[in-house]
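Taken together, the values in this text are just the output of simple stated rules run on the coordinates, not laboratory data. Source: prediction; values computed, not measured. Cβ coordinates were reconstructed from backbone atoms using ideal geometry, including for glycine residues, and neighbour counts include every protein chain displayed.
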């Protein structure tokens, strides 16, 4: 039986091949020197270019009913990257992740750790289009869209990724476990440290969770401090 680590690595390699194809090999002075197509990609285009490249995506059924493709927003060199599971109704209408009441609360939390949406932080979702009735993303949708997130991470190169909410956490970790078992632990996601905390919408529904969320964000502040 494959270990969880080998399974994740295998899935990651498949996603990388889908995005970039195989590495290119050329002989220099009789040696097998390789040119990494991925490195060429990041030197030649920007996040905005990538957005324009994929914003008309129709790889899954979600693209047929969206109002806006929700790529991401923020500092392209941010040390902190926040990731939700998928756009909601307001995000779909505006084309920006984490707007509305939950977004306003998130902005307040970021201010409390000396960050802003456009300064030191990049915000995205695993899924770029809104699922019907805000349901959880399907595995088939994640499979098609997660490579876009991986590529965004490679552009931004954050010190830390924070999954906001249980669904985002379990989607990235490929573990269907309670949020309490994901919190306060540092995981690895495609070579970048990953933490999981509460979704801002959960804090609005249950203010009693705010103290625990603040503990998470104090750790986050220290981790990404320069």
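Assorted remarks:
- In plain terms, the residue of 189, 122 with the fewest other Cβ atoms within 10 Å comes first and the most crowded comes last, giving 189, 122.
- Of all DSSP beta bridges in the range 43-224, antiparallel share, percent nearest 5: 30 percent
- Alpha carbon centroid spacing (whole Å) that separates the range 179-226 from the range 112-128: 13 Å
- Rounded to the nearest 0.05, the FRET efficiency derived from the C-beta distance between residue 184 and residue 90 at R0 = 35 Å is 0.70.
- Extension gain, residue 45 to residue 204: 0.36 nm times the residue separation minus the Cα-Cα distance gives 53.4 nm.
- Those residues of the range 138-169 whose amide nitrogen sits under 18 Å from the label point placed on residue 114, 7 Å along Cα→Cβ: 159-160
- By the count of other C-beta atoms within 10 Å, a proxy for reagent exposure, 224, 121 are ordered fewest to most as 224, 121.
- With contacts taken as Cα pairs under 8 Å at a separation of at least 6 residues, the range 43-224 carries a relative contact order of 24 percent.
- A Förster radius of 22 Å, combined with the Cβ-Cβ distance separating residue 134 from residue 65, puts the computed FRET efficiency at roughly 0.95.
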